[in-house]
Structures are given as structure tokens and as C-alpha cells.
Amino acid sequence: NKSLALSKELYNKSLLATTFSNIGNYYEVKGELELAMSYFQQSLELWKELGHQNGIATGYNTLGITYINLGNHKEAIYYNKLSLEIAEEIGSAKSSKFAYAGLWTSYKALGKYQLALEMHEKYTTIGDSILSEQNQKSIIQQEFKYAYEKQAVADSIKAQEAAKVNEALLAAEKAENK
């Protein structure tokens, strides 16, 4: 409630939308699905006002998940399709993955096994793609770290060699001045 009060006081719509969604998640976990739905809808409306496509896609998905939990799979399919449409428009693999998961669950519950299988395959493909992308980023980070450390060692050796040369020059200069 403190977060909600602060968000309202600041009238930061993005923060308020996120807060409403978080409160909705809290009530969903507690099993108070109708109350959760109310907060998710408020969040979605703010994301729409802001024109924040990722927020809208997430909002539709959270409504879809809540409808799944309520056992209303037709509504869940409706909202997950809306989420998927926006996710694909903006190229959000993560949001697409969540939408496919919701569609898979609902089609399976309705006995539409062919559609459920298609959604599961797309869900798996996107999940693999996200994992592969994360692995590639990790490998690139490790390569940069190795290259940086290698360069740091080389620079350290050069600095030590330069210091030795300077010491030798100073010693030679002192020897000449004696």
C-alpha cells in the first residue's frame, strides 16, 4: 500500500501501472482472483494510456493467466492472443513465450490438442531461442573478460619492463656522475 500511495502521490503512471500489477500478483497468489483481476485491469489501462506496448502485452498476458486460473479458458485464449499479437509486433520473445504458454494451457484444457501441441512447440522454440541468446551473451562476456585480463597482464609486464629500463638508465646515469 505504501508503494501504491507513493505512486499516486508522484502520479507516475508507469510506476503506478507496475504497482497495480504487483498488487494483482499478490492477490493472485493468495487466491483472490477477482481482486487480482481488478488490479491487472487498472495496470493494463495505464499501460494503454502510456502507449507502452510491452506493458500492454504483459497486461493482456496476466489477464489471460488469471482467466486460466478461474477456469475460463475462452477468455484466457482471447487475452493471450492479444498479448501474442503485440509481442510479435514489438519483437518481444519473452512476452511471446508467455503468451504461447497461456494458449497451450487453455487449448489443452479445452481438449484442442492439435492447437495445444502447436502452441507448446512454439513455446519451446522461443524458450530455446532465448536460452541460446543468453548463452551467446554469456560467451561473449567471457571472451571480453579474458581479452581484458590478457591485455591487463600484458600492460603490467610492459610497465614492469619499462620500470626496470628506467632503473637501469638511472643507475647508469648515477655511475657516470660519480
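The values are calculated or read from the model by the stated rules, or taken from the named source; none is laboratory data. Note that the structure is predicted; figures quoted are calculated from it, not measured. Quick reminder, even Gly has a Cβ in these numbers, built from the backbone with ideal geometry, and neighbours come from all protein chains shown. When the accessible area is computed, the model is the full protein with side chains, heavy atoms only, and any ligands, DNA or RNA have been set aside. Shrake-Rupley method; radii C 1.70, N 1.55, O 1.52, S 1.80 Å.
Inside the range 26-82, can you point out the residues that are more than 20 Å from SER106 (Cα to Cα) and among the aliphatic types (A, V, I, L, M)?
Passing the criteria: LEU35, LEU44, LEU46, LEU50, ILE56.
Looking for something open to solvent by 20 Å² or more (accessible area, probe 1.4 Å), hydrophobic (A, V, I, L, M, F, W, C) and more than 20 Å from LEU33 (Cα to Cα) - is there at least one such residue anywhere in the range 51-73?
The answer is no; no qualifying residue exists.
Would you say GLU9 is open to solvent by 70 Å² or more (accessible area, probe 1.4 Å) and at pLDDT below 95?
Yes: the conditions hold for GLU9.
List, please: which pairs have Cβ atoms under 8 Å, are six or more places apart or on different chains, and start with a residue in the range 49-73 that is outside any helix (DSSP H, G or I) and end with one that is buried (at least 24 other Cβ atoms within 10 Å of the Cβ)?
Final answer for the pair search is HIS52/ALA17.
Filter the range 14-41 for residues that are under 16 Å from ASN61 (Cα atoms) and among the polar types (S, T, N, Q) and give the result.
THR18, SER21, ASN22, ASN25, SER38, GLN41 - these are the residues of the range 14-41 that are under 16 Å from ASN61 (Cα atoms) and among the polar types (S, T, N, Q).
Out of everything in the range 83-98 that is open to solvent by less than 60 Å² (accessible area, probe 1.4 Å) and more than 14 Å from the chain's Cα centre (by Cα), what residue ends up being farthest from MET119 (Cα to Cα)?
Filtering the range 83-98 for residues open to solvent by less than 60 Å² (accessible area, probe 1.4 Å) gives 83-84, 86-87, 92-93, 95-97.
Keeping just the survivors that are more than 14 Å from the chain's Cα centre (by Cα) gives 83-84, 86.
Working: SER83: 14, LEU84: 11, ILE86: 16 Å.
Residue satisfying both the conditions and the ranking: ILE86.
Which of the numbered conditions does TYR79 fail, given that it passes all the others? Conditions: (1) crowded, with 21+ Cβ neighbours inside 10 Å; (2) over 19 Å from ALA17 (Cα atoms).
(2)
Could you give me the residue pairs with C-beta distances under 6 Å whose first residue belongs to the range 106-126 and is over 19 Å from THR66 (Cβ atoms), whose second residue is modelled with pLDDT under 95 and not in a helix (DSSP H, G or I) wherever it lies, and which are 6+ apart or on separate chains?
Listed pairs, sorted by first residue: none to list.
So which residues in the range 26-73 are out of contact with any helix residue (DSSP H, G or I) (no Cβ under 6 Å at 6 or more places or on another chain) and of a type in the set (Phe, Trp, Tyr)?
Residue satisfying the conditions is TYR26 alone.
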